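A quick write-up on the structure given underneath.
The values are calculated or read from the model by the stated rules, or taken from the named source; none is laboratory data. Model, not experiment: these values are computed from the prediction. No Cβ is skipped: glycine too gets one built from the backbone with ideal geometry, and neighbour counts run over all protein chains shown.
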Amino acid sequence: MNFAERVKILRTEKGLSQKKLADNFNLDATTVAKWELGSFPNENTIKGLCEYFNVSTDYLLGLSDIRVQGLKESRWAEVMVIKNEKPYKASRECFIDLPRDMVEKNNDHNYFITKILDDSMLPFIDKADLLLFKKDEPVKTGDIVLVAVGTSEGMVKKYVEKDNEVELQSFNPYYPTTTYSKDKVKIYGVLKNSIKSF
């Protein structure tokens, strides 16, 4: 289930036409039609839709089948992807609802969410887990970081400093430890929490 399908289901459950739903948000009817074809509204509209339909952001975006999960106790974090050494939002205005205790008060924009792309951090981090990283956090030996080396895509690794070099370690023993000079390593964030998939 995705956002487009959820919006359509929620709209029809309330017996609303696309135009009527659009009117409730002072939008053009074609905007709702575009949502139902796969486009995303902005952050404020997503929040408004969640309140209007009384569902969580995760449910609205198709990330959960639980309709309401602490909606009033939530914070927001950007969904980010690291590719070719550049961070960008996975969907320009796509945000994920998080429990209050996962994000420090008034620091929402210092966080981002991503997923690991391989099984290198098994058994502790799975490919389907959502990982919450904090930007601009001092990195210490032993931290789990989202890192890129050169023009590589971002990867999640354990960070170990040794003199002027950095070791990037995996938990999965089938992945070798790699060593780089500090100036080749770009840290995008330090892991603060994770949402396990089941």
Quiz item: Which condition breaks for K86 when tested against (1) buried (at least 18 other Cβ atoms within 10 Å of the Cβ); (2) modelled with pLDDT under 75?
Solution: (1)
Exercise. Restrict the check to segment 90-106 and report whether at least one residue is modelled with pLDDT under 50 and among the hydroxyl-bearing types (S, T, Y).
Key: yes
Exercise. State which residue is farthest from V190 (Cα to Cα) when the search covers only segment 137-156 and only residues that are at pLDDT 80 or above and of a type in the set (D, E, K, R).
Key: K140
Self-check item: Hits in segment 121-154 (condition: outside any loop (DSSP other than H, G, I, E, B) and free of Cβ contacts under 8 Å to residues at least 60 places away in the same chain)
Solution: F133, K134, I144, V145, V147, V149
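Filter segment 183-198 for residues that are within 27 Å of the chain's Cα centre (by Cα) and not in a strand (DSSP E or B); which is farthest from G150 (Cα to Cα)?
Per the criteria, the residue is F198.
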